[in-house]
1. Contact order normalised by length for the stretch 13-91, with contacts defined as Cα pairs under 8 Å and 6 or more residues apart; what percent is it?
2. Taking the Cα centre of the chain as the origin and placing charges on Cβ (Lys, Arg +1; Asp, Glu -1), which of Leu19, Val8, Gly88 is farthest toward the positive end of the dipole?
3. May I ask for the angle, rounded to the nearest 10°, between helix 70-86 and the longest principal axis of the chain, with both axes built from Cα atoms and the value confined to 0 to 90°?
4. Hey, can you find the accessible area per residue of the stretch 1-55 for me, probe 1.4 Å, expressed in square angstrom?
5. Divide by every residue of the chain the summed helix terms, -39500 (n - 2.57) for each DSSP H run of at least 4, and state the resulting mean residue ellipticity at 222 nm, rounded to the nearest 500 deg cm²/dmol.
6. Classify the stretch 21-95 as rounded, prolate or oblate from the Cα gyration tensor: take a ≥ b ≥ c as the square roots of its eigenvalues, call it rounded if a/c is under 1.5, otherwise prolate when a/b beats b/c and oblate if not.
7. Return one number: the angle in degrees, 0 to 90 and rounded to the nearest 10, between the long axis of the Cα atoms of helix 26-42 and the longest principal axis of the Cα atoms of the chain.
Amino acid sequence: DTGRVTDVAARLGGEEFGLLFPDATLEQAGKVAERIRAAVAATPTLLPDGTALHVTMSIGVAMLAPGATLDAAMSDADRALYEAKHQGRNQVMAA
């Protein structure tokens, strides 16, 4: 169990997904994101030939501040994501 019943997930395109954590602080959202990251890293996907494919993910987390636009929060999260990738991947980085 890595998410909450109120959380919302959507595919943004390609390999990018967006998650909304209503009424969560940045710290709480980061903890949920870390649980998701750890669960993905710990769960290999078996390919048809039986080979285990190990997947990792980098996650950027940002707040949607009162009065701010969703685009601004997405931009903040995207910058945090690229910082996570730049610092070695397979981690959660907060904006």
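1. Details: 77 pairs, mean separation 20.2, N = 79.
Averaging sequence separation for qualifying contacts and normalising by length gives 26 percent for the stretch 13-91.
2. Gly88
3. So the helix axis and the longest Cα principal axis differ by about 40 degrees.
4. Values: 4070 Å² over 55 residues.
Ligands and nucleic acids excluded, the figure is 74 Å² per residue.
5. Numbers: 2 runs with 34 residues, N = 95.
When only DSSP H runs of four or more count, the value is -12000 deg cm²/dmol.
6. Details: a/c = 2.74, a/b = 2.16, b/c = 1.27.
Here the stretch 21-95 falls in the prolate category.
7. It is inclined by approximately 10 degrees.
The values are calculated or read from the model by the stated rules, or taken from the named source; none is laboratory data. From a predicted model like this one, the values you see are computed outputs, not experimental measurements. Note: ideal-geometry Cβ built from the backbone for every residue, glycine included; neighbour counts use all protein chains shown. Only protein heavy atoms, including side chains, enter the accessible area calculation; ligands, DNA and RNA are left aside. Shrake-Rupley method; radii C 1.70, N 1.55, O 1.52, S 1.80 Å.
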